[in-house]
Amino acid sequence: MIKKTICLIFFVLSTTVYAQDDVLKVTFRVGKHQNFYRFVFICERPEIIHSINVNLLNNGKIKLTFPESFEIEFEGRLLSMQDRIKDLKTVRQNLNTFIIETSKIQQIKVLKYEDPLRLVIDAYFEEQPAEEKVKMVSILIDPGHGGKDTGIQFKDKNEKDIVLYIAKELASKLTQKGIITVLTRASDEEVSLRERIKIENRLKPLLFLSIHLSSAESFIIYTSPAKKNISKEKLSKILLNENKAIKIFINKLKESFPEPLYQEKLPATVLKESSVPALMIEIPKRALIFDKDYLNKITDVFVQTIEQNLKQKARSDKANNE
Amino acid sequence: MNKKLILTISIILITITISIIVYFSFQKPDKPRFIEPNKAEQTTESFKIYIPSSNSLISKEIYFKEDEAQLKNIEKILEFFLIELPAPFKESKVFGLYRDKENTIYIDFSKKFASPQSMREEYFILKSLYRTLKENFVWINDIKILIDGKEVETLSGHISLQSSFKEIMEEG
């Protein structure tokens, strides 16, 4: 009886080991070119390579179906059911399928080569010029105050209404230019500083712009002297981008308006707790008389400034990638 | 008869003189006053208050007789501080002053103290209050501002008062 049991255990173990050795191994390689990815699958068994089914799905993902279960090896490691390779995401729906997710693929070419036996997929995507990349970014505009918090008042005019008008006009003009723009408030509602920060942390825009009115006849651009909960490496990037944005704002505002312009570092909460480049701009108090020509001129200058800032950022990102 | 009259008048005069001396020797000033430094009495102490002035703070020295109760001294300093602020903040009142076991001071201001103002004005009012209290009372650990007895998120919509006042002011 004991002998029989030992034999049975030995048999079970040996079949498991045998089964493990028998799993099909496919080596995966990836290369990124100017307008296409090259995905290479190498397998020693020719019948496998010839029977892999490759499909381009409607959502731009590539799905490979193998005739049997397999394991994918990439740079000496086995890929898990959900994995990441550079900017690609790979998913195994089951043991026979392999999905590659990346920026939307428009067309694929599937080729089979020998020596070594391999399946090559060239997946083409549309390369966007630097100018078009501006469309991918988002600006978060924060009209200050709102609700019970009126901000500065002059006769029957309130800061909260003026900055909301400017913010809405700005958002509309930026959207027309293809720049994704979001507002922290779009009506006369009370949004706490904490809530504004939450919105910013969730959206992670390329630029956070808080709009307020000055109590003097001058433009004031504020940034925070310190940032909360930001790593040193990230902080230096944020500060660099803030400085670039400030320079453009200063130049554009100086050439467009006669009012004096100041730059100051003060710990406004929305700036201090922001995890992206963040500016607060105070507009001269003459905006309180609600002269639409003046307010529209301000929004036009802001649009030009933001556009220039985003284009500059896209160019520098491209240069860094190259 | 003449002797009696002279004696009566003398007694009346002596009584009046004693009354006047007693009255003036027991009379005290009821309110603290600004006193020139060189004329300061031995019993008064000097305190510094900070007041916002466009882009910075200016300091002013005040003298008054120090009370044994520290909260009374803070109250007096806040009186001087508020008077020196621009309108409408100078019309603010202090409704209450509390101290907790961690030496955080809670100041309950009237609504005027939360009047609308620009970012810079809000920052410098808070900074001047912080420096005034911290420099005169080193034992103060932190300051909490209440408006009409309630905690508020911000005075004028730019700086959150929900995190530590100390952190906001010392980083800034």
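The values are calculated or read from the model by the stated rules, or taken from the named source; none is laboratory data. All values reported here derive from a predicted model rather than from experimental measurement. Note: ideal-geometry Cβ built from the backbone for every residue, glycine included; neighbour counts use all protein chains shown. These area figures cover heavy atoms from the full protein model, side chains too; ligands, DNA and RNA do not enter into them. Shrake-Rupley method; radii C 1.70, N 1.55, O 1.52, S 1.80 Å.
Within the range A:172-196, the set of residues being closer than 24 Å to A:LYS148 by Cα, in contact with a strand residue (DSSP E or B) (Cβ under 9 Å, 6 or more places away or on another chain) and of a type outside the set (Lys, Arg) comprises A:VAL182, A:LEU183, A:THR184, A:ALA186, A:SER187, A:ASP188, A:GLU189, A:GLU190, A:VAL191, A:SER192, A:LEU193. Restricting B:PHE124, B:PHE109 to residues that are of a type outside the set (D, E, K, R), in contact with a strand residue (DSSP E or B) (Cβ under 7 Å, 6 or more places away or on another chain), surrounded by 14 or more Cβ atoms within 10 Å (Cβ to Cβ) and more than 14 Å from chain A (Cβ to nearest Cβ) narrows the list to B:PHE109. Pairs are defined by a Cβ separation below 7 Å, a sequence spacing of at least 6 or placement on different chains, a first member in the range A:200-228 that is facing another protein chain (nearest Cβ under 9 Å), and a second member that is of a type in the set (A, V, I, L, M) and assigned to a loop (DSSP other than H, G, I, E, B); the pairs so defined are A:LEU213/A:ILE152; A:SER215/A:ILE152; A:TYR222/A:LEU266; A:TYR222/A:ALA268; A:SER224/A:ALA268. Does A:VAL163 satisfy being under 20 Å from the mean Cα position of the chain (by Cα) and at pLDDT 90 or above? Criteria not met by A:VAL163. Which residues, taken from the range A:160-192, are in a strand (DSSP E or B) and open to solvent by less than 60 Å² (accessible area, probe 1.4 Å)? A:THR181, A:VAL182, A:LEU183, listed by residue number.
Looking only at residues of the range B:163-172 that are facing chain A (nearest Cβ under 10 Å) and part of a loop (DSSP other than H, G, I, E, B), we find that the one that is farthest from B:LEU71 (Cα to Cα) is B:GLY172. Right, A:VAL12: touching a strand residue (DSSP E or B) at 6+ places or on another chain (Cβ under 8 Å) and at pLDDT below 85 or not? So A:VAL12 does not fit the description; no. Entry remark, the range A:285-306: residues being under 26 Å from the mean Cα position of the chain (by Cα) and open to solvent by less than 40 Å² (accessible area, probe 1.4 Å) number 6 in total. Within 14 Å of chain A (Cβ to nearest Cβ), of a type outside the set (Asp, Glu) and crowded, with 18+ Cβ neighbours inside 10 Å: does that describe B:SER92? No, not satisfied. The set of residues in the range A:140-154 being in contact (Cβ under 8 Å) with a residue 40 or more places away in the chain and not in a strand (DSSP E or B) consists of A:GLY144, A:HIS145, A:GLY147, A:LYS148, A:GLY151, A:ILE152.
Checking the stated criteria, A:LEU266 turns out to be closer than 22 Å to A:ILE197 by Cβ, within 14 Å of another protein chain (Cβ to nearest Cβ) and touching a Phe, Trp or Tyr at 6+ places or on another chain (Cβ under 6 Å). None of A:LEU193, A:LEU279, A:LEU288, A:LEU213 is under 23 Å from A:ILE162 (Cβ atoms), modelled with pLDDT under 95 and of a type outside the set (Ser, Thr, Tyr) except A:LEU288. Residue check: B:ILE107 meets all listed conditions (1) at pLDDT 95 or above; (2) under 20 Å from A:SER210 (Cβ atoms) but one, namely (2). Against the numbered list (1) at pLDDT 95 or above; (2) surrounded by fewer than 23 Cβ atoms within 10 Å (Cβ to Cβ); (3) touching a strand residue (DSSP E or B) at 6+ places or on another chain (Cβ under 7 Å), A:PRO205 comes up short only at (1).
For the range B:117-162, which positions are part of a helix (DSSP H, G or I) and among the acidic types (Asp, Glu)?
Across the range B:117-162, the qualifying residues are B:GLU121, B:GLU122, B:GLU135.
For the range B:98-119, the criterion of being over 21 Å from B:HIS158 (Cβ atoms) and under 11 Å from the mean Cα position of the chain (by Cα) is met by no residue.
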